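Below: one structure in C-alpha cells.
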Amino acid sequence: MNQVASYKNILTENREGIMVITINRESKLNALTIDTLQEIKMAVEHAHNINGLKGIVITGAGPKAFAAGADISEFVNFSEEEGTRMSAAGHEVMNTIENGPKPVIAAVNGFALGGGCELAMACHIRVASENAKFGQPEVSLGVPPGYGGTQRLVQLVGKGAAIEMLLTGDAIDANHALRIGLVNHVVPMEELYAKSKEIIEKIATKSPVALKKVLNCVNDYFRPNVNGMQREIYEFGDAFGTDDFKEGTDAFLNKRKAAFKGK
Ligand code: COA
C-alpha cells in the first residue's frame, strides 16, 4: 500500500490521484480519539497541498463502522476546560475538511455515530453502504454533540428531522438517511469506493478554479454576517481573469474537451 505518511491511527493512500484516508481502529469501531482526529486533519491538509490531486475519500477500516463516535474512554474524566478544548479542536478538523479546496467524500461503511456522523457531515458528499447507520447519541451520555452536529445536521436535513435525531439519539439506516438528504447515495458495500471514485473523477474533469469558488460560495451561505450572494458576484467576476475560464469557454466554442490547469 502506497502509505503517504506515517500515522498511528489512520492509513493514507494516494490511489491514482485520490487520497484515501482510512480510520484504522477497527477493534474500537474506529472511535475517534483526539490524536486520530488530528491525524485526519494533517492528512487532509497534506492532500490539499498535493498538486493535481483530484479529491479525498474518508472511510473506516473493516465492514462494521465508519466511526462509532468520539472515543468515550478518552474523555470520560475530562473537566469543563478539557471538554471545551476537545470540542474546539474537533471543530477545527471539521472546518479544515469543509473549507478546503478539494472535494472530500465520506464513504460511510457502517456506523457513523456521534463524531463519526459529524465527520461525515463535514465532508462535501456522503456515499453510504447499505448497512450504514447514522445517529447523534450524545444525549445518552449527558452531552450535546460537540463537533458541529447540532449545526451541520440542521443544514443538511432541516430543523424538524435534525431535532428528532438529536433529541432521541436514535440511529437511522442508510435508506432513511437518503430520504432525508443526509447522504447523497446508498450502494452495496463492495461498490462504496467505486461510487466515491466515480464522483471524484467526474468533478476532476471540471475547472479547479471554479470548483474552489463554488465551495467558497456554498460555505458562505452558512456563515452568519457574510453575504453569499455578494461572494458569488465577486467569485464570478474574478473567474473571468483566469486561464481556466479562457480554456473552458474556448474548448466549448471549438467543440473540444477542456484541459484545465487550475489557474
Ligand atoms: N468510544 C470508545 N470505544 C468504543 C466506542 C466509542 N465511541 N464505540 C465502540 N467502542 C468500542 C467498544 O467499547 C468495544 O471495545 P471492547 O471490545 O474493548 O469492549 C468495541 O468498540 C466494539 O464495540 P461494541 O459496543 O462491543 O460493539 P456492538 O456491535 O455491540 O455495538 C455500537 C456497536 C456502535 C452500537 C456501540 O459500540 C456503541 O453504542 N458505541 C458508542 C456510540 C456512541 O455513543 N457514540 C457517541 C460518542 S460521543
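Which of rounded, prolate, oblate describes the stretch 58-131, given a ≥ b ≥ c as roots of the alpha-carbon gyration tensor eigenvalues and a/c under 1.5 marking rounded, otherwise prolate only if a/b is larger than b/c?
Oblate shape, in that a/c is at least 1.5 and b/c is the bigger or equal ratio.
How large is ³J(HN,Hα) for each residue in the stretch 47-54, as worked out from phi by the Karplus curve 6.51 cos²θ - 1.76 cosθ + 1.60 (θ = phi - 60°), to whole Hz, x for Gly and Pro?
Once rounded to whole Hz, the list reads 5, 4, 8, 8, 4, x, 5, 7.
Under a 1.4 Å probe, what is the accessible area of the chain per residue, stated in Å²?
51 Å²
Here's another thing I want to ask about it. Applying a 10 Å radius around every beta-carbon, put 100-106, 27-33 in order of their mean neighbour count, most first.
Descending packing order for the listed peptides: 100-106, 27-33.
Using only the Cα atoms of the chain, build the gyration tensor, take square roots of its eigenvalues as a ≥ b ≥ c, and label the shape rounded, prolate or oblate: rounded if a/c is under 1.5, else prolate if a/b is larger than b/c, else oblate.
Prolate, because a/c is 1.5 or more and a/b exceeds b/c.
Mind ordering 142-150, 167-175 by average Cβ neighbours within 10 Å, highest first?
142-150, 167-175
Out of all DSSP beta bridges in the chain, what portion is antiparallel? Express it as a percent rounded to 5.
30 percent
Rounded to the nearest percent, how much of the accessible area of the stretch 2-203 (1.4 Å probe, protein heavy atoms only) is carbon and sulfur?
The computed percentage sits at 51.
Which pairs break 19 Å Cα to Cα here: Lys54/Lys202; Lys28/Lys64; Lys54/Lys133; Lys28/Lys195; Lys102/Lys246?
Pairs exceeding the cut-off: Lys54/Lys133; Lys28/Lys195; Lys102/Lys246.
Can you send over the carbon and sulfur percentage of the accessible area for the stretch 208-253, probe radius 1.4 Å, protein chains only?
Result for the stretch 208-253: 65 percent of the exposed heavy-atom area is carbon or sulfur.
Report relative contact order for the stretch 2-203 in percent, whole number only (criteria: Cα-Cα under 8 Å, sequence separation at least 6).
18 percent
Here's something else I'd like to know. Within the chain, which is the longest segment that contains none of the GluC sites (Glu not before Pro) sitting in a DSSP loop with at most 14 other Cβ atoms within 10 Å?
In short, 131-263.
Under a point spin-label approximation (7 Å from Cα along Cα-to-Cβ), what is the Val218-Glu190 distance to one decimal in nm?
Output for this residue pair reads 3.1 nm.
The values are calculated or read from the model by the stated rules, or taken from the named source; none is laboratory data. Only a predicted model underlies this, so the values are computations on that prediction, with no experimental measurement involved. Quick reminder, even Gly has a Cβ in these numbers, built from the backbone with ideal geometry, and neighbours come from all protein chains shown. When the accessible area is computed, the model is the full protein with side chains, heavy atoms only, and any ligands, DNA or RNA have been set aside. Shrake-Rupley method; radii C 1.70, N 1.55, O 1.52, S 1.80 Å.
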